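The values are calculated or read from the model by the stated rules, or taken from the named source; none is laboratory data. Just so you know, these numbers come straight off a predicted model, no measurement behind them. Cβ placement follows ideal geometry from the backbone for every residue including glycine, while neighbour counts extend to all protein chains displayed.
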Amino acid sequence: MTIFITTDELAEQLGALGLVILDATLFLPGTPRDARAEFEAAHIPGAAFLDLDTLADPDDPAPHMLPPDAMMTQRAQAMCISPDSRIILYDNSPIRSAARAWWMMRAYGLGASAAILDGGMPKWLAEGRPTESGEAQPTPGTAIARLDRAQVRTKGDILAHLDSGSAQLLDARGAGRFTGAEAEPRPGMASGHIPGSRNLPYAALFAPDNSLKQQDELRALYESAGIDLDRPVVTTCGSGVTAAILLAGLESLGKTDVALYDGSWSEWGIDPATPKATGDA
């Protein structure tokens, strides 16, 4: 299975044995929408609600940090995930949060066959495809989650990168937040970016129908952002969510030397000791 699956392909597979469909909708702080309520009102048939916003380390002050293995295992089993499951992630969010869920499945060894629904719920609805309402009650699965730390970068790793130049840093936030012209949505957060980072706002990767742009267009976007596709890349953003979109785009181009800074600006920007830059890259 590839990183992205089309709405046509998913429609043909609905009800298939071993298929797990998860709604990974998540909204930025302050967004006046309720992801669970929207799921209960209408979701893709057979889907379960992942509740990505709560699938995080409860003991870490930074938002959306990767949870302990035991917590990820419990949530995966509750979502009917077993070792041989085929997992489809989708969302109905402007921040395309399904990419974060897809990356997490991979990072914990749950998603060798995981894929993101290209275009998500907006494209599914625009095409007049079926939905159902209510809360799903999936049969428990048997998956065991074990985090592969090689796919994750920490604040210490990023500080080391600044000294070594061993990887390129690519920030998925909008240009205003990257340059520091716009304030961060979280109180007490510094503005700007990690020194040496490049900026590619995640929204640039999508076509008008919410699907990912074609390969040549994607490649041109990364290159125009100053990324050398022959060198390793670490993606970052506000809280590790939209960074997964840039990572998925890179992997769809065949890159394997990519990782994600989980703490992202929520961890970096709140720390007075970390170096920060403003202005263009």
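Quick notes
- Here Ala273 fulfils each of the conditions (1) touching a residue at least 60 places away in the same chain (Cβ under 8 Å); (2) among the hydrophobic types (A, V, I, L, M, F, W, C); (3) not assigned by TED's automatic domain parsing to the domain that holds Gln168 apart from (1).
- Qualifying residues in the range 181-226 (those that are of a type in the set (Lys, Arg) and not in a helix (DSSP H, G or I)) - the one nearest to His161 (Cα to Cα): Arg198
- Test: residue in the range 144-151 that is among the charged types (D, E, K, R), over 23 Å from Phe27 (Cβ atoms) and part of a helix (DSSP H, G or I): yes
- The single condition among (1) within 25 Å of Leu55 (Cβ to Cβ); (2) buried (at least 18 other Cβ atoms within 10 Å of the Cβ) that Tyr222 does not satisfy is (1).
- Ala167 surrounded by 17 or more Cβ atoms within 10 Å (Cβ to Cβ), closer than 23 Å to Tyr222 by Cα, among the hydrophobic types (A, V, I, L, M, F, W, C) and within 13 Å of the chain's Cα centre (by Cα): no
- Of the candidates Ala76, Ala35, the single residue that is among the small types (Gly, Ala, Ser), at pLDDT 95 or above and touching a Gly at 6+ places or on another chain (Cβ under 9 Å) is Ala76.
- Filter result (surrounded by fewer than 17 Cβ atoms within 10 Å (Cβ to Cβ) and not hydrophobic (A, V, I, L, M, F, W, C)) within the range 205-218: Pro208, Asp209, Lys213, Gln214, Gln215, Asp216, Glu217
- Tallying residues that are buried (at least 16 other Cβ atoms within 10 Å of the Cβ), of a type outside the set (Gly, Ala, Ser), assigned to a loop (DSSP other than H, G, I, E, B) and modelled with pLDDT of 95 or more within the range 123-143 yields 1.
- Filtered residue count, the range 152-180, keeping only those that are under 25 Å from Trp102 (Cα atoms), outside any strand (DSSP E or B) and acidic (Asp, Glu): 1
- Flag for Ile95 being within 21 Å of Leu19 (Cβ to Cβ) and aliphatic (A, V, I, L, M): no
- Residues being in a helix (DSSP H, G or I) and in contact with a Pro (Cβ under 9 Å, 6 or more places away or on another chain) - total across the range 227-267: 2
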